[in-house]
Amino acid sequence: GNVEQAMIKSAYDSLPNPYFSSVGPFFLKYEEPFSDKVSFALQIAYVSAQGGYLNKDSVVSANPLIYEGEDMSWYSYSILARLNWHFLKSTVFDTYLGIGVGYRDASCSLGKKSISAMPVMCPPLLTHLGFEMTFGMRYMVTPNFGFYSEIGLAKAFVQLGVSFRFPAIL
């Protein structure tokens, strides 16, 4: 998961009737080789989380039944240009280092049910500059389908996914 997702979940776990849901992190990447050693990639990443609690002992309205509580939502996305340096590359196995720079955005807010002023960690985004640096491995099961994994500084410390290679169009 993601650090922010874990913080939102832990903020509400000890409160009455907590709830939590999350999406991602998801990554979509397109890579185009410059040479056997260097490739350019475009990456879009997204992650979100929602959490809150309901205090069923404190009724605010009888119809419809609304309880005192609080909820919070958070999301983040980025669009990055990446350079990948490939080493130990074959048609089946590929290891690489990736560095990406681009745009990122994040937002968090208290929802409509928010009544109390529970302190939540929601610092303002100081810059829209996105950055990541990862080490990755790709294993192609067939010439056009495989799996990849990456570790490093990104929306998720560990990434696992599928990789598709499209035949060249002449």
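Between residue 73 and residue 135, residue separation times 0.36 nm minus the direct Cα-Cα distance comes to 19.3 nm.
The slack between residue 81 and residue 7, meaning 0.36 nm per residue of separation minus the straight C-alpha distance, is 23.8 nm. If the segment from residue 90 to residue 164 were pulled out straight at 0.36 nm per residue, it would be longer than the present Cα-Cα gap by 25.1 nm.
The numbers here are math on the coordinates, done by the rules we state, and not lab data. The structure presented is a predicted model; accordingly, all values stated were derived computationally and were not measured.
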